[in-house]
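Coordinate-derived values only; no laboratory data. Because the structure is predicted, anything quoted here is derived from the model rather than measured. Note that we place each Cβ from the backbone using ideal geometry, even for glycine, and neighbour counts take in every protein chain shown.
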Amino acid sequence: IRKANVRLADNDDIQKARVSRISYLRQLEQYKLNFNTIIKELQTVINISDYLFDNGEFIKVFNSRINNSNSSIPFKKTRSSDILVKNISNLSYSLRINKNSTLPDLNLIGSVYRKSNEDSSSSSFKNMKDTEYYVGFSFSYPIGNRKAKGNEKSTKLAIDELRKEYKITENNYNTKIKSYLLAINSYKTQYKLIEMHLKSLQSQLLTERIKYRQARLNLQYVLNTEIAISSVRMDMLNLKNSFIQVTLDYFDLTK
């Protein structure tokens, strides 16, 4: 308006700036309404203050992870692998016990006796000169023993199922970790490009403002550049959020 009063700007410049400002104010009010409506609904079931966005914490988490070097950790080093391996080991131990229950039982039995030929008890204790030996074998075979055999078959099936589950889980893990690492590396590259884009637009805006003050440039160019900067900042914020989410998925998968 000040430039228009001294004939350095046209009325259409003023009205375009005013329309843009009013449009953004309307959007802002709608966003506030939507946000406050959600807050009111959530407050009835949870303490919303524990979940409100903390920009400082958001930036801290992002900065701590953007420079991390994430690697492809083997599945066998994860907690999921340990749990499955221990379950298979426990079932294998149970299988050995069940197998033992179906095997024949062979025992060697032996005994030694000392005795006396005396009639009286007092003399017999003093004259225990005779020795008797007994050696024998005890053999038993569990005929039928359906319960033990059934347990053995069930345990074998359970071990086979766990081994299949291990392989399926390992394949899913390898697929997911490759996907997460691709996304992490892509987001890192995109973030560098967005930073370059933003710096270029900010430098462009400085030049355009100088030209505008010198009446060498229409105001709309300045407004368009400021809108572009806001859009790039939103893209950067969304990318940071996506990056943090995929790193959380990566840490959950590999722990």
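A few comments on the model shown:
- Packing rank of 182-189, 218-225, 31-38, where each peptide gets the mean count of other beta carbons within 10 Å, highest leading: 218-225, 182-189, 31-38
- As a rough guide to protection, the peptides 6-16, 245-255 ranked by mean Cβ packing within 10 Å, highest first, stand as 245-255, 6-16.
- Furthest towards positive pole of dipole, 24, 72, 62, structure part region 10-100, Cβ charges: 72
- Alpha-carbon centroid distance for the pair region 207-255 / region 70-91, whole angstrom: 42
- Converting phi to 3J(HN,Hα) with the Karplus coefficients 6.51, -1.76 and 1.60 and the offset θ = phi - 60°, region 73-87 yields 7, x, 4, 5, 9, 9, 5, 4, 5, 4, 4, 5, 5, 5, 5 Hz in sequence order, with x at every glycine or proline.
- Using the Cβ-Cβ distance between residue 204 and residue 69 with R0 set to 51 Å, the FRET efficiency works out to roughly 0.90.
- For region 52-66, 3J(HN,Hα) per residue [Karplus equation, 6.51 cos²θ - 1.76 cosθ + 1.60, θ = phi - 60°, Hz, x = Gly/Pro]: 5, 5, 10, 4, x, 5, 4, 5, 4, 5, 5, 5, 6, 10, 5
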